[in-house]
Amino acid sequence: MELWMIFAIVIGIIFFLWLFFTFIPIGLWISAVAANVRIRIVTLIGMKLRRVTPVRIVIPQIKAVKAGLDLSINKLEAHYLAGGNVDRVVNALIAAQRANINLEFERAAAIDLAGRDVLEAVQMSVNPKVIETPAISAIAKNGIELIAKAKVTVRANIDRLIGGAGELTIIARVGEGVVSTIGSSESHEAVLENPDTISRIVLEKGLEAGTAFEILSIDIADIDVGRNIGAQLQTDQAEADKRIAQAKAEERRAMAVAVEQEMRASVQEMRAKVVEAEAEVPKAMATALREGKLGVMDYYNMMNVVSDTQMRHSIAGSDEQKRPETNA
């Protein structure tokens, strides 16, 4: 056999072995056998064909067997194909077993597929979590604003994780309870003297209903006195009343001006009619003289009366002008 044929055969064997060990995870199979995990090479090849990463299934299976959990490869692979995090589910099951919490694989897988961190939920069941609310502004009956911050200690409820509300709902309900409790207080001083009253009343409202948590305690971490909202509202109301009164006064003034202008227009119209009537008097007198209904002497007597009247008006006007000078 020639040298080049031997070289080609060696290269072919090396390529075949590389392809074999790349497609078939022999090292992973050996690790599983060493950990007393019964899995066949054919199963690993099937995972490859189903586009499943074998290490994502075998390593969690090894951890489950070492922890004493009875989980099948098919369940883990089905959860992986459904888009779940197999390693996190197995870790949660191990943590639940150590904490003596009854958690089955199906429920843990459902919680994981629902988008919740099942491992964090188990840890929160063992070690409760403290949720701090933002600053909550509330006003007592005497109009004084109080700004409070509360710390809510919660524990995850595994049975209500699916479909239960999250932390934002807890924060919203606690804030609503704090606002209603302070708002029902007669004065802010009573709240400052006994802030634990808020915690007791809020806890009695059953805020955890429909949530994935169990509220252990509600503690008022800080409470400060804010603005005098009552006085500010009264000031704003007084200012609004003042503006309304000014608007009504302006309306009355405008109506008075309109009435005055209307009266002036009426007077001018009447004067115009008087002037028009006076213009007809000479014509009427001329017609009367012409027709003999008015004599010449009668006309002269009337003119004397008019002159006498004008003289009296002029004398009366001069007396009124002299009186201030005399008094001075």
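The values are calculated or read from the model by the stated rules, or taken from the named source; none is laboratory data. The shown structure was predicted, so the numbers you read here are calculated from the model rather than taken from an experiment. With ideal geometry, Cβ positions are generated from the backbone for all residues, glycine too; neighbour counts draw on all protein chains shown. The protein model used for the area step is the full one, side chains on, heavy atoms only, and it has no ligands, DNA or RNA in it. Shrake-Rupley method; radii C 1.70, N 1.55, O 1.52, S 1.80 Å.
For the pair Asn100 and Glu291, the difference between a 0.36 nm per residue extended length and the Cα-Cα distance amounts to 55.0 nm.
One entry in [x] 34, 57, 9, 0; [y] 27, 52, 18, 2; [z] 18, 22, 17, 12, 11, 10, 8, 3, 0 is P(r) over Cα pairs in 20 Å bins from 0, in percent calculated from the shown coordinates; its label is [z]. Coupling constants for the range 209-217 follow from the phi torsions by the Karplus curve (6.51 cos²θ - 1.76 cosθ + 1.60, θ = phi - 60°), and in residue order they are 5, x, 10, 8, 10, 10, 7, 8, 7 Hz; glycine and proline get x.
Find how much the distance from Asp196 to Ser217 grows on full extension, using 0.36 nm per residue of separation minus their present alpha carbon separation; answer in nm with one decimal. Mind dumping the intermediate values first?
Values: separation 21, 0.36 × 21 = 7.56 nm, distance 1.11 nm.
Here the segment from Asp196 to Ser217 would lengthen by 6.5 nm.
Per residue, the chain exposes an accessible area of 66 Å² to a 1.4 Å probe, with every protein chain left in place. Computed over protein heavy atoms with a 1.4 Å probe, the carbon and sulfur contribution to the accessible area of the chain reaches 57%. Summarising the amide proton neighbourhood of Ile162: residues at separation of 5 or more, or on other chains, whose placed amide H is nearer than 5 Å comprise an empty set. Taking the C-alpha atoms only, the angle from helix 86-98 to the longest principal axis of the chain is near 80 degrees. Using a simple spin-label model with pseudo-atoms 7 Å out from Cα toward Cβ, Ser137 and Lys151 lie 2.5 nm apart. Measuring between alpha carbons in the structure, the pairs from Lys141/Lys205; Lys129/Lys149; Lys63/Lys151; Lys151/Lys205 lying more than 27 angstrom apart are Lys63/Lys151.
Given their separation in residues at 0.36 nm each and the Cα-Cα distance between them, Asp70 and Arg51 gain 4.4 nm when the chain is fully extended.
With a ≥ b ≥ c the root eigenvalues of the C-alpha gyration tensor of the range 29-84, is it rounded (a/c under 1.5), prolate (a/b larger than b/c) or oblate? Display every interim value, and only then the final one.
Values: a/c = 2.17, a/b = 1.24, b/c = 1.75.
Oblate is the answer for the range 29-84, as a/c is 1.5 or above yet b/c matches or exceeds a/b.
To the nearest ten degrees, helix 3-23 and the longest principal axis of the Cα atoms of the chain are 50 degrees apart. Anyone know which of Glu239, Glu278, Glu176 comes out most mobile in the 10 Å Cα GNM of the chain? Ranking Glu239, Glu278, Glu176 by mean-square fluctuation puts Glu278 first. Label separation (Val126 vs Leu233): 5.1 nm, computed from points 7 Å beyond Cα along the C-beta direction.
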